[in-house]
Each structure stands twice: as C-alpha cells, then as structure tokens.
Amino acid sequence: MGLAGLAHAWAMAWPWPGVSVLGWQTGEPVAWLQWLALVGLAWLCRQAPSWRSAALLAWLFGTAWLAGTFWWLFISMNTYGGLPAWMAAFSVWALAAFLALYTAAAGGLVWRWRAASPFRYALVFAAVWLLAEWARGRWLTGFPWGAAGYAQVDAMAVWAPWVGVYGMGALSAGLAAAVAAGAWWRGWWPRVLIGVLVLPMVWPSAGRWLAEVQPAFTRSTGAVPVALLQGNIPQDEKFQPGGGVPLALEWYLTATGEALQRLDARGGGLVVAPETAIPLLPQQMDPAWWAQWEAQIAASQSAVLIGLPMGSWQAGYTNSVAGWTPSLDTYRYDKHHLVPFGEFVPPLFRWFTEWMDIPLGDFNRGALVQPPFEWMGQRWAPNVCYEDLFGEELAASFRDADAAPTLLVNVSNIAWFGNTVAIDQHRHIARLRSLELQRSTVRATNTGATAVIDPLGRVIAEYPRLTRGVLDSEVEGRTGLTPYAWWASRFGLWPLVLLALGVLFYYFFMNRCKVD
C-alpha cells in the first residue's frame, strides 16, 4: 500500500531527475501511474476481510501518498524555519497521517459495496473518493495539495471545464474501481468504454487533442504584452536587512524600469513581480525609493503589479498585490485563503509557530471576491501562491459574466521549498485553473515556475527556474463562462458533493447494496 501511495504522489509530477518513466520526464504528470495506483487501492479495499482492514489499507495508502506529495514542507520548516530535523520530519508525517484519515474513511465505507457489480462498485468508489478529497480540501481551512485530478491535467483536459479537478479525480477513481472489480470481462461495452477512457492516460496527446477540438466556451478579448519578473532572491536572505532586502529593492526597481521600457516599445503592457517581492511594509521603506518607483511608472505607457505586505504592525497586515497605472492610480488585492502555520496561527498552535523562525507569519485575511485590476481593456484577477489550489474560490469572481476576470495572475514564492518538485506541482495546479475557467494565467515567482499558460492549460513560455531575470511574452484575455465557472461561481463544489451523496443515498437506502 505504501508503494502504491508513493506512486500516486509521483504521478502528479515525476520527481526523479534523469530518470524517465516510459517517456515521461522529470516534472511531468504521469496519468497512467496515478490511475494504476487507484486500481490497486480499489482492488485491495474490495478484497479486504473487514471494513477496518479496508480503512487501514486506505490510511496507509493516503499517508504515503500525501507525505510523498508534500515532503518538501520539511525544507521550509527545517532549513528556513529552524525546526529540528526530527521535528520537521515528524510534522510532515503527522500532517499526512491526519489528512489520510479522510482516505481511510473512504476505504472503510466503500468496503460495504465489495460484493456489488463492477458498475455499482465503480460509482460508489468514485463518490466516496470525491467526498474524501472535498473534505480534505475544505475542512479545517483545507489542504487540497496533491488532489488526484492534477495528474490528469493532460489526459483528462477535456473534462476540466465541465467538472473541475475534483470531478476529474472522481472519474479516474471510478474507472479504476471498475477495472479492479473485473469490468473487463463483463461484456463488450465495458471493454470499449474502459479502453476509450484509458487511452488518453497512456497517450496524453489524445486527451490534449480532445481538449483542443472541443468547442470553446470563451472568446478572445485581445492580447497584451507582459513582463514577468523572477528575482531568485535566496530564501535564507530574503528578509535580512543587510542581505536579501537591499538586493530585492535594487533588482526589482531596476528590472521593473527596464521592463517598462521594453513594453513601451511594444505599445504598453503589464509588469508583474512575485509574492513579497518587496519584503517590507511600505512605511518601512525609504521615501526616495518610492519616489523613483512611481516616477518610472508615470513616465511609461505600462502598468505594474507587485507582491508586498501591506498594513501596519499595530492594525495588522495582509499578503497583498499592489498595482499602479501610468496615471499612478493604485490598486490593492489582499490574499484571502491563508496557509495555516505559514500565514496564520491555528488555535492552540502558537507554541509550534513560535518554535520556527518564519517572518510575517500572522496575516489578516482579504475578502473572497475582490475587484480585478483593469488595464488595457482586460480585467486581471490576482491570487497569491497557495490560493490557486482553490478553483471554486477563484470561480466566485465569475458569477457576473460581464464583469468576470479576463486573465488570472498568480504571484508566488516557492523558494521556501528549495529546488524541488513543488515547483512542477504548482505549475500543473495553475494549468488546471486555466483549463477549468478557460483563462490564461501569468505566473511571476521568486524561483519558478514563472510562466505564461494559455486558456487550454498549455505552457507557452517559461523562464528557467532558479535564475534571475525577466520573461517577456504575450498573453490572451478571454471572456465568457465555462460550465464549471458557471456552476462553481454560484454553488461552489456543492453540485459535485450532492451528486456523490445522492449516489451513496440511492445504493444504501434504496437498494441496500443488493448484488447484481
């Protein structure tokens, strides 16, 4: 079970440098590996002698899967937070083990339908898998990193604008359970259906082709030049007054000025700098720096978005994105979905956060829906780092189609996790948000992946990771709503949740799990 769980983790982004797996390279999603891992889980849950055994197997799978997915949290806690290595390792394991309780509940519940037909077992397995992932992503502020659907970002791209990442994970789980229950020998139609669904997993180009030929739900609002800044400021120096702080201030000031000149030569555009590119509150900074910053923007035809903390030590501060137009009209976005322990302190855990040395660790929360930044005929919707895991929260801004964002802007700082697969995983998360909403995403990060992603989730430009420089590119805005944007903006994830509950209600209360 542990090996299957690790395979499920590795499928989101293959983590082994220099070791390809049947043609899939480092950092790429491996759809068939994710699916095969679920086939193993579904088969073992069906064969388990009791619901307790099924729950234990699922818990072991879930613990290995989640620890293997976000093991890099160890780096942030130990290398940069100063937590002893044993405590950091235990904390990662404890988080994974706790979150795996949702998977354990799913395994114990699905065992009740162990004798059901392949079709019924598949429906129930898909339903309980969806509920477990939803619960992990929502309760106790939610930690949905590593959801199964991210490994299917290419293979099941055609489904993303309809059902989103949770629906894609449920489809993969249902197909795995059907195979585990022996559906391949129950007539010709299951064989054909399974073959058609499995084909994109082993040949992602087929899944990508289906997404590209599917009728578009959105239409273009034009293209805008962008310059995305990647400072590569060392994380262990980032907040040091004598190290990373002056380096960041000097480099971002100079790089922004040069980027503005290049954009002006193209008729104007937008400069984007990453999360906490400026690691100080505005009032802590030299007024002369601000005067020079605003002067170069005022002298240009382009606008700027940059990540920085805003507020005060007395009233509290937010993890924000600030914007300026050439007329020096200002804009502000405050991060809504904060990271527990890193950005806010959960009740009863202040002792744990005080054990670590992480600056700016207790932010205030912004509103769920905030106005976009309007520039060059586009509505740019910022989100900060971890927020783009919550597609249903980004979709909340799409309820009014005429005022919905035309572009997504993610600013991040993954330097907390070193040169690890976290960079690749976050890229695929952003790709799925673009697929769900059919909106291009521009990403400005400290160390990677600084990239431009098109409305079909394809990376069209990316700056080399762990280097300092500027990615000059162009991004297309879109208007209109995907089915996912329409229903998620109004009801959140509840349509999927109620559908899954309806499946369980029908088979439990109406059929009492009769064997076909």
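The values are calculated or read from the model by the stated rules, or taken from the named source; none is laboratory data. Everything numeric in this text was worked out from a predicted model, so none of it was measured. FYI the Cβ positions are ideal-geometry reconstructions off the backbone, even for glycines, and counts take in every protein chain you see. Quick note on the areas: whole protein, heavy atoms, side chains included, nothing else; ligands and nucleic acids left out. Shrake-Rupley method; radii C 1.70, N 1.55, O 1.52, S 1.80 Å.
Residues in the stretch 137-175 that are over 18 Å from ALA58 (Cβ atoms), among the small types (Gly, Ala, Ser), in contact with a helix residue (DSSP H, G or I) (Cβ under 6 Å, 6 or more places away or on another chain) and not in a helix (DSSP H, G or I): ALA155 alone. Here is a check on your reading of the model: is ALA97 without any contact (Cβ under 8 Å) to a residue 24 or more places away in the chain, surrounded by fewer than 22 Cβ atoms within 10 Å (Cβ to Cβ), more than 30 Å from LEU481 (Cβ to Cβ) and of a type in the set (Gly, Ala, Ser)? Against the criterion (without any contact (Cβ under 8 Å) to a residue 24 or more places away in the chain, surrounded by fewer than 22 Cβ atoms within 10 Å (Cβ to Cβ), more than 30 Å from LEU481 (Cβ to Cβ) and of a type in the set (Gly, Ala, Ser)), ALA97 does not qualify. For the structure I just gave you, tell me whether ASP516 is open to solvent by 10 Å² or more (accessible area, probe 1.4 Å), at pLDDT below 95 and among the charged types (D, E, K, R). Yes: the conditions hold for ASP516. Annotation: of all residues in the stretch 112-136 being at pLDDT below 95 and either in contact with a Cys (Cβ under 9 Å, 6 or more places away or on another chain) or in a loop (DSSP other than H, G, I, E, B) (or both), the one that is farthest from VAL163 (Cα to Cα) is ALA115.
Looking across the stretch 253-294, the residues that are farther than 17 Å from THR325 by Cα and either among the hydroxyl-bearing types (Ser, Thr, Tyr) or not in a helix (DSSP H, G or I) (or both) come down to THR254, PRO274, GLU275, THR276, ALA277, ILE278, PRO279, LEU280, LEU281, MET285, ASP286. Looking at (1) open to solvent by 60 Å² or more (accessible area, probe 1.4 Å); (2) part of a helix (DSSP H, G or I); (3) under 25 Å from ARG208 (Cβ atoms), which is the one condition that is false for VAL19? For VAL19, the failing item is (2).
For first residues located in the stretch 240-268 and without any contact (Cβ under 8 Å) to a residue 60 or more places away in the chain and among the hydroxyl-bearing types (Ser, Thr, Tyr), partners that are part of a loop (DSSP other than H, G, I, E, B) and open to solvent by less than 10 Å² (accessible area, probe 1.4 Å) and lie 6+ apart or on another chain with Cβ distances below 6 Å form the pairs TYR252/ALA273; TYR252/ALA277. Only a single item in (1) of a type outside the set (Lys, Arg); (2) out of contact with any Lys or Arg (no Cβ under 9 Å at 6 or more places or on another chain); (3) surrounded by fewer than 23 Cβ atoms within 10 Å (Cβ to Cβ) is not met by TRP51, and it is number (2). For the stretch 197-244, the set of residues classified as open to solvent by less than 20 Å² (accessible area, probe 1.4 Å) and closer than 28 Å to THR479 by Cα consists of ALA206, GLY207, ALA211, THR218, VAL224, PRO225, VAL226, ALA227, LEU228, LEU229, listed by residue number.
Please verify whether TRP59 is open to solvent by 20 Å² or more (accessible area, probe 1.4 Å), in a helix (DSSP H, G or I) and modelled with pLDDT of 95 or more, treating the condition exactly as stated. Against the criterion (open to solvent by 20 Å² or more (accessible area, probe 1.4 Å), in a helix (DSSP H, G or I) and modelled with pLDDT of 95 or more), TRP59 qualifies.
Of all residues in the stretch 277-298, those that are closer than 22 Å to SER412 by Cβ have Cβ atoms under 6 Å from Cβ atoms of residues that are basic (Lys, Arg) and not in a helix (DSSP H, G or I), 6 or more apart or on another chain, in PRO279/LYS238.
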